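Here the structure comes first, spelled out in structure tokens, and everything after it is commentary.
The values are calculated or read from the model by the stated rules, or taken from the named source; none is laboratory data. What you see is a predicted model; the values in this text were computed from it and never measured. When we count neighbours, we look across all protein chains shown, and the Cβ atoms used for this are built from the backbone with ideal geometry, even at glycine. Remember, those area values only see protein heavy atoms, side chains included, never the ligands or the DNA or RNA. Shrake-Rupley method; radii C 1.70, N 1.55, O 1.52, S 1.80 Å.
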Amino acid sequence: QVQLVESGGGLVQAGGSLRLSCAASGSISSFNIMAWKRQAPGKQRELVAAVTSGGTTNYADSVKGRFTISRDNAKNTVYLHLNSLKPEDTAVYYCNLRTTWGEYWGQGTQVTVSS
């Protein structure tokens, strides 16, 4: 069974920074994609950023140049550095892992950006 444990998040002023972490454990295929997705109240869940086990990254247009995703394959951990935060970045952020055998989700962590 795969488990994802998230940490980070919280309340920050506009223009501030945060770092989210997500550690995966269990049976993880050598090829996998780790991602962060977010869901704001009344909105659909959307992709924020993703990184493959080979290091290829993908970002939503709304966060390009402000957020950075990275991973430590030895620790099966993915990070999301959130810089220049805006009130519209307020959402629950979910860690997502896709492996050869399935898709898994973290419990979610709240990010709130005050204006």
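Worth pointing out:
- Restricting region 28-45 to residues that are open to solvent by 70 Å² or more (accessible area, probe 1.4 Å) and under 18 Å from Tyr104 (Cβ atoms), the residue that is farthest from the chain's Cα centre (by Cα) is Ser30.
- When residues of region 74-85 are limited to those that are within 13 Å of the chain's Cα centre (by Cα) and open to solvent by 10 Å² or more (accessible area, probe 1.4 Å), the one nearest to Val5 (Cα to Cα): Thr77
- Odd one out for Glu88, checked against (1) open to solvent by 20 Å² or more (accessible area, probe 1.4 Å); (2) assigned to a strand (DSSP E or B): (2)
- Residue within region 8-19 that is surrounded by 13 or more Cβ atoms within 10 Å (Cβ to Cβ) and under 10 Å from Tyr94 (Cα atoms) present: no
- Every listed requirement among (1) open to solvent by less than 30 Å² (accessible area, probe 1.4 Å); (2) part of a strand (DSSP E or B) is met by Val63 save one, (2).
- The set of residues in region 91-115 being open to solvent by 70 Å² or more (accessible area, probe 1.4 Å), polar (S, T, N, Q) and either under 24 Å from Gln1 (Cβ atoms) or part of a strand (DSSP E or B) (or both) consists of Thr100, Gln107, Gln110.
- The single condition from (1) farther than 20 Å from Thr112 by Cβ; (2) open to solvent by 40 Å² or more (accessible area, probe 1.4 Å) that Ala50 fails is (2).
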